[in-house]
Amino acid sequence: MDNFPPPRHIIRRGNYPYLHKITQDYFYQTHWKLRQPFVSRWLEISCDGMVRVKANQSGYAWDGCTPKYSLLNLAIVGIPDGHIDYRTMKPYTYYASLVHDTLYQYLDSVPVSKQEIDKLFLQMLGDFKLRHLYYWCVRTFGGLGVKQQGLVAEINKEP
């Protein structure tokens, strides 16, 4: 049995669809500097700030920009992920929502503040036209009620 920090317990009531799935690990370099790496089942952050979302054997699935609901398994309504970005052939918010959702999954134990995670989300949205509105939404409504457990001091906020 691995001694990874567990993801925070989230109760999902209703029919919340997963829209996206990676089958290979995804890496993103941040400016974060950690005193020690963070390693969990689905997420790693190295001391030099490399974020790795792990696909593991089953793949990592997420719902994109939240919330989304399935209507009778016929249609999905909720926050749109944007049209397809011709550069990646993925919705505009695909990678930003992947990293943000994974970091929020460990929000109570990851050594990075919610504020820094939300700023990373904004940065990763790039030239998405509604990036500031989406950023405001995650800043305002994301992670409500989650207490970060004193690990915020682990990060060195040098740019």
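The values are calculated or read from the model by the stated rules, or taken from the named source; none is laboratory data. Fair warning: this is a prediction, and the values are worked out from it, not measured in the lab. Note that each Cβ is placed from the backbone with ideal geometry, even for glycine, and that neighbours are counted across all protein chains shown.
Below, the figures for the structure above:
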item: Output for region 56-100, where each listed residue is free of Cβ contacts under 8 Å to residues at least 24 places away in the same chain and closer than 24 Å to residue 39 by Cβ; result: 56, 57, 58
item: Within region 49-58, considering residues that are over 18 Å from residue 143 (Cβ atoms) and in a strand (DSSP E or B), the one nearest to the chain's Cα centre (by Cα); result: 52
item: Those strands (runs of 3 or more DSSP E) lying entirely in region 1-47 with at least 1 residues modelled with pLDDT of 70 or more and among the β-branched types (Val, Ile, Thr); result: 20-22, 43-45
item: Residues being touching a Lys or Arg at 6+ places or on another chain (Cβ under 9 Å), part of a loop (DSSP other than H, G, I, E, B) and either over 23 Å from residue 126 (Cα atoms) or among the basic types (Lys, Arg) (or both) - total across region 59-92; result: 1
item: Filter pass, residue 98 being surrounded by 13 or more Cβ atoms within 10 Å (Cβ to Cβ) and either modelled with pLDDT under 95 or under 18 Å from residue 139 (Cα atoms) (or both); result: yes
